[in-house]
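Structure first, commentary second.
Nothing in this text is a laboratory measurement; each read-out follows from the coordinates by a stated rule. The structure displayed is predicted, hence computed values, not measured ones. All Cβ positions, glycine included, derive from the backbone under ideal geometry; neighbour counts span all protein chains shown.
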Amino acid sequence: MAKTKKAATVEPVATFAAAALAANFKYFFERQGITILHFIVEGHKIDFPKDNGEFFEPILDPDPEKHARVIVVARQDLPAGHGSLSLKFNNKDVFDIAEEIFFHNGMGSINKLCKLP
Amino acid sequence: MKKLLLILLISFGDTASAQYLTQSAEGKSSIPLPLDGVGIGIDIGKSELTFGFNNYERIFRGTTNWLIGVNLSAKNEEGIGNLFSTGKIVPAGLLQGFAGYSIANNNALLERFKGSDAAAIATNENVDKKKLFGGLKDQTILAVKLSLHHIKDISEREGVIAEMSTQISDIQDFASLDNYVKDYKSNDTAAEIVTFKKEFLERHSVNVALYTKSFRAITAGATEQLKSAFDNYLKKSVPIRATIFLTGGMNGRNFTRYLGIESSDLPKAFQDTLFKGGNVGLGLNLQVRNFWLGATYNYVSGDNYANLKSKEYTLKTTDNAGNQSLTAEKKITAFAGKYAKVATNELNLDLVGDFWLSDTSRLLANLYLRSSIFSRDTAYLQNYTNIGAGFYFIGNKGKFLGGLYVELPDINNNAEKSKPLAERDIQPPFRKLSFGIVTKFNLSAIFGFANKPAMPAN
């Protein structure tokens, strides 16, 4: 009887499960003459990402100023090809201005531990 | 017409973009440029307006390997300068299409990254952090169990541990765990619950401190290792792309020829001439690392319009009536000289290197060759080859900062050699160099496969 009563109080579990499904990151790539090969935010990995999208990735950082590791691997397809990443965490901008992908010898990258808003 | 063209030029002036990635003196290149949809370009100096469509950006998004595109351009062949100084208009148009196939080693580059130390470090960092967080959750549940002795009622204890275990197991991020733990029964003022919470939170605080220390160590270690591992991957990765395409098009030009005085009917000395030509050819673009080689080879059905000399004539007509006369003057701009349609072949080569100068600037260096060969009638149109180099400075977001080119026209002096000996003026190559400053450049440009090489001056 007691277990039945306590089981009823466990119902809020659904709250956390639902929260976990909601996307907390949104991204947008602005690009011209390049190919984005791989995109990583913490443990979330995307091959050949589209120009924009959203996903959930849990932040395990215990510090008040939380950080997330962001990695982009890109290639340059044309001379002067360029691209940048805009990233939102909980609908707030991670970068003040879109983060430029830095190209050298035809390969481009972003490899940053980014402070989350 | 003059006013209309002027209005058109001013309207598009602010959004104008050059046609080609890098330019020869004639403003053409054999390196393809991306466009996702339709683009408009205008070259004010050449009074040229271009509409273009191609799907090249879709190839970079992996949607397709097939390349297709069309360019349509219209211009005043004599440029904007003559338009304003003399009102001379020689309308010319070009419709150019291209279709091809592009392949790249993107999958190999991706797989290479996934097998790299950099990817392993990033993956391990995340796995380690998730394991650490799992450990924190276990320690939190253990802290609940160790603090439960304050609650006397066994069934209530079981209820608390069941509820908290289930909740904590489902939590995926640190902030939610911390909030849940701190908020749990925070409004419950029962003495047993308050003392339970007090001990539990003390234990949780110790656990979090240990978790934080370990978490920071994992992050710092990965950050340190990732930098060199990432640089190593990038250094050893060689992007390669090959694009082959067929290109073909048609062009037209309307101009007035001066035929010479052969009768008393002077207006018959001028003839409106409509030239219709075309081209068909093959192109190849090859990228290795930060170097691009572009080549096109075309059969061209053309003419020797560029060899004609433009002159302004004044035709005076007088009407007599009794002892009075009325004189009217008409200015006619016409092109004099031997004229014929001549078929040729064209070879265009570009080598472009994209060099890093600093975090915010890059240099594009372009060596090029524009060659008109196998003239079917050298009496009207000589073969010629122009070579040149261009240098373009690019800022953030591909923004064009400025550039210049230098070109050596007709390196073999074929035009001079075709003249009678007394009229020849063969100059050393460096004395024929032409220079130009490029002030406008935009990567929202269009394929530039037309590649009509610049004619050497007569």
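A few remarks follow.
- Ordered by the number of other Cβ atoms lying within 10 Å of each residue's own Cβ, fewest first, B:THR378, B:THR318 fall into the sequence B:THR318, B:THR378.
- Gyration tensor verdict on region B:112-235 (Cα atoms; rounded if a/c is under 1.5, prolate if a/b is larger than b/c, oblate otherwise): prolate
- Straight-distance candidates among the aspartates and glutamates for linking to B:LYS182, with alpha-carbon spacing under 14 Å and chain neighbours fewer than 8 residues away dropped: B:GLU199, B:GLU202.
- Amide N proximity, region B:262-285 versus B:ALA242 label position 7 Å along Cα-to-Cβ, cut-off under 20 Å: B:281-285
- Cβ-derived FRET efficiency at R0 30 Å, B:ASP231 paired with B:LYS397, nearest 0.05: 0.80
- Virtual spin-label span in nm between B:VAL127 and B:VAL194, 7 Å along Cα→Cβ: 4.8 nm
- A straight chain from B:GLU202 to B:ALA321 at 0.36 nm per residue would run longer than the Cα-Cα distance by 30.8 nm.
- Modelled FRET efficiency - R0 45 Å, B:ILE332 with B:ASN412, Cβ distances, 0.05 increments: 0.80
- Shielding of peptide B:230-238 by partners, expressed as the average count of other chain Cβ atoms within 10 Å per residue Cβ, is 4.
- Among the listed pairs B:LYS75/B:LYS397; A:LYS88/B:LYS235; A:LYS92/A:LYS112; A:LYS26/A:LYS112; B:LYS131/B:LYS213; B:LYS276/B:LYS330, a Cα-Cα separation exceeding 20 Å is found for B:LYS75/B:LYS397; A:LYS88/B:LYS235; B:LYS276/B:LYS330.
- Relative contact order %, region B:112-235, counting alpha carbon pairs below 8 Å whose residues are six or more apart: 49 percent
- Computed from the C-beta positions of B:ASN107 and B:ARG431, the FRET efficiency with R₀ = 30 Å rounds to 0.05.
- Inter-probe distance in nm under a simple model that places probes 7 Å from Cα toward Cβ, at B:ASN254 and B:LEU367: 4.5 nm
- Along region B:344-361 the Karplus relation, 6.51 cos²θ - 1.76 cosθ + 1.60 evaluated at θ = phi - 60°, assigns HN-Hα couplings of 9, 10, 10, 10, 10, 10, 10, 10, 10, x, 10, 10, 7, 9, 7, 4, 10, 9 Hz to successive residues, with x for each Gly and Pro.
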